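Written out below as structure tokens is the structure these notes cover.
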Amino acid sequence: AQTVTQSQPEMSVQEAETVTLSCTYDTSESDYYLFWYKQPPSRQMILVIRQEAYKQQNATENRFSVNFQKAAKSFSLKISDSQLGDAAMYFCAYRSARSGNTPLVFGKGTRLSVIA
Amino acid sequence: GAVVSQHPSWVICKSGTSVKIECRSLDFQATTMFWYRQFPKQSLMLMATSNEGSKATYEQGVEKDKFLINHASLTLSTLTVTSAHPEDSSFYICSARPQGEDQPQHFGDGTRLSIL
């Protein structure tokens, strides 16, 4: 079974600074997807960024980028120019690509605080 | 974009009551929907995979007689918590993904269930 590990329960960053959230995963599969989700206090699950394992290029979405190291099974999220609205729980997630019905497997999450 | 609607958003009821939570895909068909449970300050734990027209697949440790799942149409899955007790109090989230390998998974806004 696949597992996702987020080793940082809590992180904090000064407004306008950069922060990196760590995520590692364990799988024997070669084809899969990786995601970062944001969950603010409203508890909505918001997709931040996704990465296809077959793509070598790291995904970017505006201030959010990832460092995907397939051999190391590492998938960190970098948030640049942090804003107060970035404060939330961040979950790293894995999904197998072997069929269309595979669920997301989540890490335990990292609570990010942004200091004004 | 694709939207998943979950209802109710919050329910409080007495112990012994059965509670039904609905999850609808509003603008796409979903042959598969997923039900997650989230305890305070914890991650999302997959409870079951709901398959349209067939029985749900439950994760280990989830009581299928306690958490009844029905997926009678391509746009609706329901989770019924039968004879609910205080320990069933939690945040329940459904999600669904449009057909197509490249489609992202969409989440409902969740249901906060409180059993007195």
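Tabulated values for the structure
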{"read-out": "Pick from region B:45-57, criterion open to solvent by less than 50 Å² (accessible area, probe 1.4 Å) and either away from chain A (no Cβ under 12 Å) or more than 20 Å from residue A:91 (Cβ to Cβ) (or both), ranking: modelled with the lowest pLDDT", "value": "B:51"}
{"read-out": "Hits in region A:1-38 - residues which are of a type in the set (A, V, I, L, M, F, W, C) and at pLDDT 95 or above", "value": "A:4, A:11, A:13, A:16, A:19, A:21, A:23, A:34, A:35, A:36"}
{"read-out": "Verdict on residue A:76 being surrounded by fewer than 20 Cβ atoms within 10 Å (Cβ to Cβ), within 22 Å of residue B:103 (Cβ to Cβ) and hydroxyl-bearing (Ser, Thr, Tyr)", "value": "no"}
{"read-out": "Residue match in region A:28-49 (condition: in a loop (DSSP other than H, G, I, E, B) and touching a residue at least 60 places away in the same chain (Cβ under 8 Å))", "value": "yes"}
{"read-out": "Qualifying position, being more than 10 Å from chain A (Cβ to nearest Cβ) and either within 20 Å of residue A:41 (Cα to Cα) or not in a strand (DSSP E or B) (or both), among B:42, B:6", "value": "B:6"}
{"read-out": "Residue among B:73, B:83, B:89, B:77 that alone is closer than 15 Å to residue B:7 by Cα and either within 10 Å of the chain's Cα centre (by Cα) or away from chain A (no Cβ under 14 Å) (or both)", "value": "B:77"}
{"read-out": "Within region A:13-27, tally of residues that are surrounded by fewer than 13 Cβ atoms within 10 Å (Cβ to Cβ) and part of a strand (DSSP E or B)", "value": "2"}
{"read-out": "Residues that are closer than 18 Å to residue B:113 by Cα and under 12 Å from the mean Cα position of the chain (by Cα), drawn from region B:25-42", "value": "B:34, B:35, B:36, B:37, B:38"}
{"read-out": "Failed item in (1) among the aliphatic types (A, V, I, L, M); (2) open to solvent by 70 Å² or more (accessible area, probe 1.4 Å); (3) away from chain A (no Cβ under 14 Å), with residue B:21 passing the rest", "value": "(2)"}
{"read-out": "Every residue from region B:59-116 that is over 14 Å from residue B:36 (Cα atoms), modelled with pLDDT under 95, open to solvent by less than 30 Å² (accessible area, probe 1.4 Å) and not in a loop (DSSP other than H, G, I, E, B)", "value": "B:71"}
{"read-out": "Residue within region B:82-92 that is out of contact with any strand residue (DSSP E or B) (no Cβ under 9 Å at 6 or more places or on another chain) and either farther than 19 Å from residue B:42 by Cβ or not charged (D, E, K, R) (or both) present", "value": "yes"}
{"read-out": "Scope region A:58-69; condition part of a loop (DSSP other than H, G, I, E, B) and either at pLDDT below 95 or open to solvent by less than 40 Å² (accessible area, probe 1.4 Å) (or both); matching residues", "value": "A:59"}
{"read-out": "Every residue from region A:74-108 that is more than 13 Å from every other protein chain (Cβ to nearest Cβ) and in a loop (DSSP other than H, G, I, E, B)", "value": "A:80, A:81, A:82, A:83, A:87"}
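The values are calculated or read from the model by the stated rules, or taken from the named source; none is laboratory data. These numbers come from a predicted model, not from an experiment. Using ideal geometry, Cβ is built from the backbone for each residue, glycine included, and neighbour counts are taken over all protein chains shown. Just the protein is used for accessible areas: all its heavy atoms, side chains included, with ligands, DNA and RNA removed. Shrake-Rupley method; radii C 1.70, N 1.55, O 1.52, S 1.80 Å.
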